[in-house]
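Structure first, then comments.
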Amino acid sequence: MGQKIEKTTPGLSLPAGKTAIPACPQTTIRNPIFCRGTGLHSGRDITLKLVPQPANSGILFQRVDISHTPPFRLTPESLKGARLSTIIADPDRPEIQIATIEHLMASLHALAIDNILIQLDGPETPIFDGSAQDFAFLLSCAGQKELPAPRRFIKILHPLIIRGENGAFVSLSASKKREFSLKMAIEFSETVIGSQKIAFVLKREDFLKNIASSRTFVSRDEIETLHKQGLALGGSLENALVVEGDHVLNPEGLRSADEFVRHKLLDAIGDSYCMGYQIIGKFDGFKSGHELNNRLIKALAMHKETWQFIS
Ligand SMILES: [Zn+2]
């Protein structure tokens, strides 16, 4: 009797001027960082600079080689095309384009970076070795910082499917779990690729260990056609797997027997982050590429009844 119970929550008092970090906070990188590399299609030497941003900024891109060009925020509206890579443009100035963003986007997605400014002095991000591991390394060197705002997710409520040619499709559907899971299957006539499939739940460590180092690939026959179209001018065995029949031309061989489907999964992880928010749901892809992935994201943005924001 008479005993007084005080309700206290330890650890919630903050020094004056500090703002509380929510349980699942937005993030940015801790420090600016830059690097140089070759653009796969332009063959140009390109500098990539990553700059921290405050909460609710989103993923911003800026072409610093074109004067009077402010950054623009990546949204589904920025998706402009997908000839071999995902190309974005400033919706207000369609001539301001940036290509081959998908491997950087996959790393941002997997490392859960919500806010960042990406500056480039050329028309595409560097290709490095054709995988995402150098982007992931760059981001880990820059460090990560939590911000005083809750992370927002897109929770899929109803299925959405986009069909392409020869049975190809991509779809999104609801998940009972609070995660983004992906399935991918491919079929190629080159026997070194053949039929491959993979299932994956997006988690930072699993991405770094099993997916990030898988490289982009091209068939030897395609290379001449691409060069005639002024594409893949910076391509070499240093930045892509080149396949011919039952083997790869790269002297070091494959990093894993199913490196091809792992790379397709990597591309899907990157392309799905072009919503600007992480998705909670299931992604399923069959013989899909950037074109179908981008159509799916645009359809998702249009069909707002198929999802809702959650924090
Ligand atoms: Zn790729």
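The values are calculated or read from the model by the stated rules, or taken from the named source; none is laboratory data. Treat the numbers as computed from the prediction; the structure is a model and nothing was measured. Heads up, the Cβs are rebuilt from the backbone with ideal geometry, glycines too, and the neighbour counts pull from every protein chain shown.
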note = Across (1) in contact with a Ser or Thr (Cβ under 7 Å, 6 or more places away or on another chain); (2) more than 14 Å from the ligand (Cβ to nearest atom); (3) touching a residue at least 60 places away in the same chain (Cβ under 8 Å), D246 clears everything bar (3)
request  = State whether one or more residues within segment 250-262 are aliphatic (A, V, I, L, M), part of a helix (DSSP H, G or I) and within 16 Å of the ligand (Cβ to nearest atom).
outcome  = yes
query = I98 versus (1) free of Cβ contacts under 8 Å to residues at least 40 places away in the same chain; (2) surrounded by fewer than 23 Cβ atoms within 10 Å (Cβ to Cβ): which is the lone unmet condition?
reply = (2)
ask   = Is it true that I127 is of a type in the set (V, I, T) and farther than 29 Å from L241 by Cβ?
value = no
ask   = What number of residues within segment 199-208 are surrounded by fewer than 17 Cβ atoms within 10 Å (Cβ to Cβ) and under 23 Å from K287 (Cβ atoms)?
value = 2
request  = For G270, indicate whether it is of a type in the set (G, A, S) and more than 16 Å from the ligand (Cβ to nearest atom).
outcome  = no
Pairs where the first residue, in segment 282-311, is part of a loop (DSSP other than H, G, I, E, B) and the second is at pLDDT below 95 and among the polar types (S, T, N, Q), C-beta under 7 Å, 6+ apart = K287/N166
note = Taking first residues from segment 126-142 that are farther than 21 Å from R63 by Cβ and second residues anywhere that are of a type outside the set (S, T, Y) and part of a helix (DSSP H, G or I), the pairs with Cβ under 7 Å that are 6 or more apart or on different chains are S131/H103; A132/H103; A132/A106; A132/L266; A136/L208
inquiry  = What's the total number of residues in segment 101-123 that are within 16 Å of the ligand (Cβ to nearest atom) and surrounded by fewer than 22 Cβ atoms within 10 Å (Cβ to Cβ)?
reply    = 0
query = Looking only at residues in segment 65-95 that are within 15 Å of the ligand (Cβ to nearest atom) and hydroxyl-bearing (S, T, Y), which one is surrounded by the fewest Cβ atoms within 10 Å (Cβ to Cβ)?
reply = S85
inquiry  = Condition first: touching a Pro at 6+ places or on another chain (Cβ under 8 Å) and assigned to a strand (DSSP E or B). Now tell me which residues in segment 75-113 satisfy that.
reply    = K80, Q97, I98, A99
inquiry  = Cβ-Cβ under 9 Å, sequence separation 6+ or interchain: first residue in segment 252-278 and hydroxyl-bearing (S, T, Y), partner in a loop (DSSP other than H, G, I, E, B) and within 14 Å of the ligand (Cβ to nearest atom). Which pairs?
reply    = S256/S213; S256/S214
key: Residue within segment 151-158 that is in a helix (DSSP H, G or I) and surrounded by fewer than 21 Cβ atoms within 10 Å (Cβ to Cβ) present   = no
inquiry  = If I go through segment 159-179 residue by residue, how many of them are under 14 Å from N293 (Cβ atoms) and part of a strand (DSSP E or B)?
reply    = 8
inquiry  = Among (1) away from the ligand (no atom under 16 Å from the Cβ); (2) touching a His at 6+ places or on another chain (Cβ under 8 Å); (3) within 14 Å of T86 (Cα to Cα), there is one condition T216 misses while meeting the rest; what is its number?
reply    = (1)
query = Can you tell which of K298, K287 is surrounded by fewer than 20 Cβ atoms within 10 Å (Cβ to Cβ), under 21 Å from the mean Cα position of the chain (by Cα), closer than 18 Å to K197 by Cα and away from the ligand (no atom under 14 Å from the Cβ)?
reply = K287
